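Accompanying notes for the structure given below.
The values are calculated or read from the model by the stated rules, or taken from the named source; none is laboratory data. Computed from a prediction, not measured in an experiment: that's the story for all the values here. Cβ sites come from the backbone with ideal geometry, for glycine too, and all protein chains shown count toward neighbours. These accessible areas exclude ligands, DNA and RNA; they are computed on the full protein's heavy atoms, side chains included. Shrake-Rupley method; radii C 1.70, N 1.55, O 1.52, S 1.80 Å.
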Amino acid sequence: MPRIFDNIDQALLPALRDTLGVSERADFCVGYFNLRGWKKIDDLVERWPGSEKNQCRLLVGMHITPDNELREMLRTHPEGGIDNAALVRLKRKLALDFREQLTYGLPTADDEAGLRRLASQIDSKKVVIKLHAGYRLHAKLYLLFRRDPVNPAVGFVGSSNLTLPGLEKQGELNVDVMDHPACETLARWF
């Protein structure tokens with residue numbers, strides 16, 4: 001039976017940290033990601049050497065509001081026929097929106113240190129971040145892989161974004177997935 005993590009009776013963060021501690025790589029898909037959430041787990045990713053077999057792949061499906069430029073472009077060009085200039089402009093806007101999401105709030109010296117760690121982890125391929133812009137992706141999946149012949153992957157699926165509130169402060173609903181075939185399906189989905 002899966003465990004339920006609601007951040008009230010049982011927080012997701014300790015279970016995620018425990019599982020990361022025995023894992024060698026991870027695939028995360030979240031709607032929102034910010035530095036304060038990442039700092040809660042970055043020390044565990046830091047110990048990985050940084051390669052395809054030892055990294056955290058992070059897919060951020062940013063919330064796209066109805067008036068968002070991307071949505072308008074896709075509605076206007078249903079076949080995806082966006083010209084290069086519009087695509088460059090859109091990518092720049094998405095990067096700025098992502099930067100704002102990443103550093104939301106008043107920055108502290110600790111935040112600056114966390115941002116430098118994240119930049120270093122990206123440079124060393126310990127973390128690979130991709131923004132999903134094809135459609136509204138608000139899924140939350142934390143899939144961790146470890147050397148265990150019986151249960152080589154553990155998933156956490158639910159409502160928690162990779163933010164400080166999502167991991168430990170606000171009420172959420174998540175379950176762990178320990179079933180090997182289910183984790184294989186989640187890995188294919190990712």
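What the table below lists for this structure:
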{"item": "Which of I8, I129 is most accessible, then next, and so on - probe 1.4 Å", "result": "I8, I129"}
{"item": "Neighbourhood charge, 15 Å Cβ-Cβ cut-off, centred on L186 and excluding it, Lys, Arg +1 and Asp, Glu -1", "result": "+1"}
{"item": "Lysines with Cα under 29 Å of K93, excluding same-chain neighbours fewer than 8 positions away", "result": "K39, K40, K125, K126, K130, K140"}
{"item": "Protein-only accessible surface order, largest first, of S160, S124 at 1.4 Å", "result": "S124, S160"}
{"item": "Filtered chymotrypsin sites (Phe, Trp or Tyr not before Pro), the stretch 126-174: DSSP coil and at most 15 other beta carbons within 10 Å", "result": "Y135"}
{"item": "Local net charge near G171, Cβ-Cβ under 15 Å (Lys/Arg +1, Asp/Glu -1)", "result": "-2"}
{"item": "Part-to-part distance (alpha-carbon centres) for the stretch 170-190 and the stretch 41-56, which is given in Å", "result": "20 Å"}
{"item": "Contour excess over end-to-end distance, with Cα ends at V88 and F190 and 0.36 nm allotted per residue", "result": "34.1 nm"}
